[in-house]
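A.B. asks: Structure provided below as structure tokens; questions to follow.
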Amino acid sequence: MKELERIKEVAIDAAREAGTYALNRMGNLVEISHKGGFTNLVTDVDKKCEKGIIDRIKKEFPSHSILAEESGEEVTGGPFRWIVDPLDGTTNYAHAFPVFCVSIGVVSGGSVKVAVVYDPSRDELFTAEEGKGAFLNGRPINVSDMEKVRDSLLATGFAYNIEGKLANIKYFKVMMEKAQAVRRPGSAALDLCYVACGRFDGFWEFDLNPWDTAAGQLIVKEAGGTVALLNGKPFDIHEKEIVATNGKIHKEMLTLLGS
Ligand code: IPD
Ligand code: CA
Ligand code: CA
């Protein structure tokens, strides 16, 4: 079996296992703590899911590096780097609002090669491999063909810090006035997957980390969408901001976002 296929298989297994565990524990948390500021939560489930995923990666691929949200970076010097968000949408999760997922992207040679996002509440598995398309539960997915923002359903998210929240309020207002509607679901990785499968026509956010975007951005691109920075330049997972669209409304979105 080719290496990337094996990596994808392990990522899917690990994401399903973590997601299923999280779903079973929803509403039954042992510990909720704050990571600086009263709005940025972490639960014992985030940590347990992350440990399970990391243990699995280390067992199967001891030479791979890992960047995981709760435990940080472990560099081995190997050719692959796993980027793990064990639970994207922790605030939703802590309130038993069932919009959260597990997100895993695997980087090699400067780009994300394999992407897996698992939503256990809907049993939806989004996957992509660079150059090979994007899939939802094994079926190919494509971005929407909406041509105008006025007909579009958009999504965004708000940073944990108050300055970041206020900075995006201004864009939220602009988009609310121009788009058919704007949603704020609370899981950036899922928001990206929803652009990929045409449920959303566009998504933007300003204060994200590589574990929020690594998998989702590849899934959008492989579904035929466009992913960029606010100034229109190609997106990089180490940048904080992202604009992801079906491609057709991309220019209009960027203009509305002031670039
Ligand atoms: C958060 C979610 C949320 C986004 C935040 C992220 P977390 O991730 O993706 O939608 O608005 O910026 O930090 O903390 O739940 O893993
Ligand atoms: Ca996250
Ligand atoms: Ca998280």
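The values are calculated or read from the model by the stated rules, or taken from the named source; none is laboratory data. If you're wondering where the values come from, they're calculated on a predicted model, not measured in any experiment. For neighbour counting, all protein chains shown are included, and Cβ atoms are generated from backbone atoms with ideal geometry for every residue, glycine included. For accessibility, only protein heavy atoms count, side chains too; no ligands or nucleic acids. Shrake-Rupley method; radii C 1.70, N 1.55, O 1.52, S 1.80 Å.
A.B. asks: Is it the case that some residue within the stretch 103-119 is open to solvent by 40 Å² or more (accessible area, probe 1.4 Å), closer than 21 Å to Thr156 by Cβ, in contact (Cβ under 8 Å) with a residue 24 or more places away in the chain and among the polar types (S, T, N, Q)?
C.D. replies: no
A.B. asks: Among the strands (runs of 3 or more DSSP E) contained in the stretch 160-259, which hold 3 or more residues that are touching a helix residue (DSSP H, G or I) at 6+ places or on another chain (Cβ under 8 Å), at pLDDT 95 or above and within 29 Å of Asn137 (Cα to Cα)?
C.D. replies: 202-205, 226-228, 242-245
A.B. asks: If you don't mind, another one. Which residues, taken from the stretch 74-92, are touching a residue at least 60 places away in the same chain (Cβ under 8 Å) and β-branched (Val, Ile, Thr)?
C.D. replies: The answer is Ile83, Val84, Thr91.
A.B. asks: Turning to a different aspect of this structure: Checking the structure you have, find out if any residue of the stretch 121-129 is within 16 Å of ligand 3 (Cβ to nearest atom) and touching a residue at least 40 places away in the same chain (Cβ under 8 Å).
C.D. replies: Our first condition is that a residue be within 16 Å of ligand 3 (Cβ to nearest atom); within the stretch 121-129, this holds for 121.
Still in the list and also touching a residue at least 40 places away in the same chain (Cβ under 8 Å): 121.
Yes; the residues of the stretch 121-129 include at least one that is within 16 Å of ligand 3 (Cβ to nearest atom) and touching a residue at least 40 places away in the same chain (Cβ under 8 Å).
A.B. asks: Hey, among the residues in the stretch 176-203 that are within 15 Å of ligand 1 (Cβ to nearest atom) and over 20 Å from Ala214 (Cα atoms), which one's surrounded by the fewest Cβ atoms within 10 Å (Cβ to Cβ)?
C.D. replies: Residues of the stretch 176-203 that are within 15 Å of ligand 1 (Cβ to nearest atom), as a first pass: 182-195, 200, 203.
Narrowing further to those that are over 20 Å from Ala214 (Cα atoms): 182-183.
Numbers: Val182: 22, Arg183: 16.
If we take residues in the stretch 176-203 being within 15 Å of ligand 1 (Cβ to nearest atom) and over 20 Å from Ala214 (Cα atoms), then Arg183 is surrounded by the fewest Cβ atoms within 10 Å (Cβ to Cβ).
A.B. asks: With the condition kept exactly as written, say whether any residue in the stretch 128-138 is open to solvent by less than 50 Å² (accessible area, probe 1.4 Å), more than 16 Å from Leu192 (Cβ to Cβ) and small (Gly, Ala, Ser).
C.D. replies: no
A.B. asks: Would you confirm whether any residue within the stretch 71-86 is modelled with pLDDT under 95, assigned by TED's automatic domain parsing to the domain that holds Leu125 and part of a helix (DSSP H, G or I)?
C.D. replies: Looking for residues that are modelled with pLDDT under 95, assigned by TED's automatic domain parsing to the domain that holds Leu125 and part of a helix (DSSP H, G or I), one finds none in the stretch 71-86, hence no.
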